[in-house]
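The values are calculated or read from the model by the stated rules, or taken from the named source; none is laboratory data. Given the structure is predicted, the values throughout are model-derived calculations rather than measurements. For neighbour counting, all protein chains shown are included, and Cβ atoms are generated from backbone atoms with ideal geometry for every residue, glycine included. The area values use the complete protein model at the heavy-atom level, side chains included, leaving out ligands, DNA and RNA. Shrake-Rupley method; radii C 1.70, N 1.55, O 1.52, S 1.80 Å.
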Amino acid sequence: MSIFEDRTSKLNRYEGAFEWAFEIPEVLDENGKYIGFDVIIGNPPYIQLQKMKDESEKLEFQGYSTCTKTGDIYCLFYERGNQLLKKNGILSFITSNKWMRAAYGEKLRRYLADFTNPTILIDFAGSQIFDNVTVETNILTFEKSPNKHNTLSCAVKEKSLNNLSVYVEQNSSYRNYDTNKSWVILSSIESSIKEKIEKKGTPLKEWNVTIYRGILTGYNKAFIIDSAKKDELIAADPKSAEIIRPFNMVYFLRY
């Protein structure tokens, strides 16, 4: 390859690239120094880092404190989004809600508690927001400012809503999220009961027992089917309906 061809190849790589300096000059000062965005809103991709193989290792070495090999790339988007905000800027993402409770979300919960001010957290547990998608979601809004430990939180338990803002206003409470432990949304009554149980009860980790993963199918394709397969099985044998159980838009065969 000649020097000319090499340079052309590199230029083609950036063809159609988004140039901030021209497209959004407001994020730069008069000297061309980056200032930051006032607001960032989005729906980051959901990709397990384990499935990205070599690319996930590159992300790990780029210094993301929210990166964990068993995690999901959307966790990194929260961190990167906060980096791109100007001081007191606002970010609002809708993502999978797994980070709130899963072990891989510990680093993200720690980061959010230490480097952001979570203002609103809405968990759509049991309520599907996107058509044909079984992922349970949440909306998190935070400011790029010190944590004030006063997050308006709401768990949406209705399958359909006419007015989300009204529902949140009527069913929300303020909570303090300042640790990497699970971020749970509870009402004032539920929170009071939880505190009493924790004061008097003994955590399972302190019991002298061994806890395993529980029951595994061993082969999901043999037990988990979609709607089309369900209809096909029932059409072939109506008695199949007795052993098929729905769960989040997929169906389990019960034996």
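Results, tabulated for the structure shown:
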{"item": "Pick from the stretch 110-167, criterion loosely packed, with under 13 Cβ neighbours inside 10 Å and hydroxyl-bearing (Ser, Thr, Tyr), ranking: farthest from residue 65 (Cα to Cα)", "result": "160"}
{"item": "Every residue from the stretch 99-109 that is in contact with a helix residue (DSSP H, G or I) (Cβ under 8 Å, 6 or more places away or on another chain) and open to solvent by 50 Å² or more (accessible area, probe 1.4 Å)", "result": "107"}
{"item": "Residues located in the stretch 121-152, provided they are among the polar types (S, T, N, Q), in contact with a strand residue (DSSP E or B) (Cβ under 6 Å, 6 or more places away or on another chain), part of a loop (DSSP other than H, G, I, E, B) and in contact (Cβ under 8 Å) with a residue 40 or more places away in the chain", "result": "145"}
{"item": "Matching residues in the stretch 66-110 - criterion: being part of a helix (DSSP H, G or I), of a type in the set (Gly, Ala, Ser) and within 16 Å of residue 182 (Cβ to Cβ)", "result": "103, 105"}
{"item": "Every residue from the stretch 153-163 that is assigned to a loop (DSSP other than H, G, I, E, B) and within 30 Å of residue 86 (Cα to Cα)", "result": "none"}
{"item": "Members of the stretch 168-193 that are closer than 16 Å to residue 123 by Cβ, open to solvent by less than 80 Å² (accessible area, probe 1.4 Å) and charged (D, E, K, R)", "result": "175, 190"}
{"item": "One residue from 68, 95, 134 being under 27 Å from residue 171 (Cα atoms), of a type in the set (Ser, Thr, Tyr) and at pLDDT 85 or above", "result": "95"}
{"item": "Qualifying residue in the stretch 71-80 (condition: among the aliphatic types (A, V, I, L, M), more than 20 Å from residue 36 (Cα to Cα) and open to solvent by less than 80 Å² (accessible area, probe 1.4 Å))", "result": "yes"}
{"item": "Test: residue in the stretch 52-61 that is within 29 Å of residue 134 (Cα to Cα) and under 16 Å from the mean Cα position of the chain (by Cα)", "result": "no"}
